[in-house]
1. Report whether or not A160 is more than 29 Å from N99 (Cβ to Cβ), hydrophobic (A, V, I, L, M, F, W, C) and at pLDDT below 95.
2. Among the residues of the stretch 276-296, write down those that are closer than 20 Å to S196 by Cβ and of a type outside the set (A, V, I, L, M).
3. From the residues in the stretch 185-196 that are at pLDDT 95 or above and either more than 18 Å from L224 (Cα to Cα) or not aliphatic (A, V, I, L, M) (or both), which one is farthest from the chain's Cα centre (by Cα)?
4. Might you check whether a residue that is touching a Pro at 6+ places or on another chain (Cβ under 9 Å) and not hydrophobic (A, V, I, L, M, F, W, C) occurs anywhere in the stretch 232-239?
5. Among the residues in the stretch 79-92, are any small (G, A, S), over 18 Å from the mean Cα position of the chain (by Cα) and surrounded by fewer than 17 Cβ atoms within 10 Å (Cβ to Cβ)?
6. Being without any contact (Cβ under 8 Å) to a residue 24 or more places away in the chain and within 28 Å of L221 (Cβ to Cβ) is the filter; apply it to the stretch 233-261 and report the residue that is nearest to the chain's Cα centre (by Cα).
7. Anything in the stretch 267-287 that is in contact with a Gly (Cβ under 7 Å, 6 or more places away or on another chain) and either surrounded by fewer than 20 Cβ atoms within 10 Å (Cβ to Cβ) or of a type in the set (S, T, N, Q) (or both)? List them, or say none.
Amino acid sequence: MRKVLFALALCVSFSGMAQLVNVTSIDKVNVPENAANKVAAISPQGDYILVTTDYNCGLTKVDLATGATQVVTRAQGAGHDAQISADGTTVVYRERSTNKKHLQMKAVKTKNLLTGAEQQLVKPTRDLQGVAIDGNTAVAVNKGKMSKKALDNGKAQVNAPVLSTRDYYMYITQNGKTRMLAPKGSGYRYIWASMSPDASKVLFCCSGNGAYVCNLDGSGLISLGNYRAPKWMGNDMVVAMDCKDNGEVFTSSEVVVLDLSGDKQVLTGDDVIAMYPLPADGKIAFSTPSGEAYIINFTK
């Protein structure tokens, strides 16, 4: 009965808005019982999710068809911006540690889910800016310099610009050079930044000022509205959360889809606090503050 009522709530929320996608179902995922669970990533094919904790500790793979689980890593910090290769076989993650001077360090590692093989891409550093996957290559930017490692037996090759952040500023590394990108100026904190799949646009939030899209040189700035945690859903649409809080906890949050022309569609009802949406092929994963995970199934 809950699933039927949820569907009715969705139909009401669509009223008066553009229909950018067709939602076919919203399904709860059986994840390991932990009130602090949240979804860290969803595979590009949409066949599994990676679950971490509120403090980004560890990664556990949850198969969406069978419910089977596999511990990927127990590393501290692994849940922050975890990346999955295009074929779904490899995870790239950060490992947080503390050195002898009690300073926080971050390393970048890869884990093959089929063989269990692990590699270190970047040794522990204080200056890690960003992590990405370009084709068969894992990429990291550290102190403005790029490191790369092939995820298979091929040659490591980076074709697209790499977007990274440091001290709440955005940077783009391209052709061996790193430059700052501040389309709203220097008086803002830039967060939740990501490159479009075709590497032509940048999506980001300015803290307290909403979500934006711009070109790689900062031109063509488009305001999407006051949304948080935006993610690209193709090259022309974005999924994000529209949330409210009382200063201590979130009191409501909806998953919304936006296009670059200003159209909007709400995908979830007010019977669930839907947070941090992550898109894949025909699916959007999201978490709730109580540690639940859901999958929105849709068609375009």
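The values are calculated or read from the model by the stated rules, or taken from the named source; none is laboratory data. Just so it is clear, the structure is predicted and the values come from calculations on it, not from any experiment. All Cβ positions, glycine included, derive from the backbone under ideal geometry; neighbour counts span all protein chains shown.
1. Numbers: more than 29 Å from N99 (Cβ to Cβ): yes; hydrophobic (A, V, I, L, M, F, W, C): yes; at pLDDT below 95: yes.
For A160, the condition - more than 29 Å from N99 (Cβ to Cβ), hydrophobic (A, V, I, L, M, F, W, C) and at pLDDT below 95 - is met.
2. Y276, P277, P279, D281, G282, K283
3. Among residues in the stretch 185-196 that are at pLDDT 95 or above and either more than 18 Å from L224 (Cα to Cα) or not aliphatic (A, V, I, L, M) (or both), the one farthest from the chain's Cα centre (by Cα) is R189.
4. yes
5. Step one: list which residues in the stretch 79-92 are small (G, A, S), which gives 79, 82, 85-86, 88.
Next cut, over 18 Å from the mean Cα position of the chain (by Cα) only: none.
So far as the stretch 79-92 goes, no, none of its residues is small (G, A, S), over 18 Å from the mean Cα position of the chain (by Cα) and surrounded by fewer than 17 Cβ atoms within 10 Å (Cβ to Cβ).
6. Ranking the candidates gives S253 first.
7. D281, G282, K283
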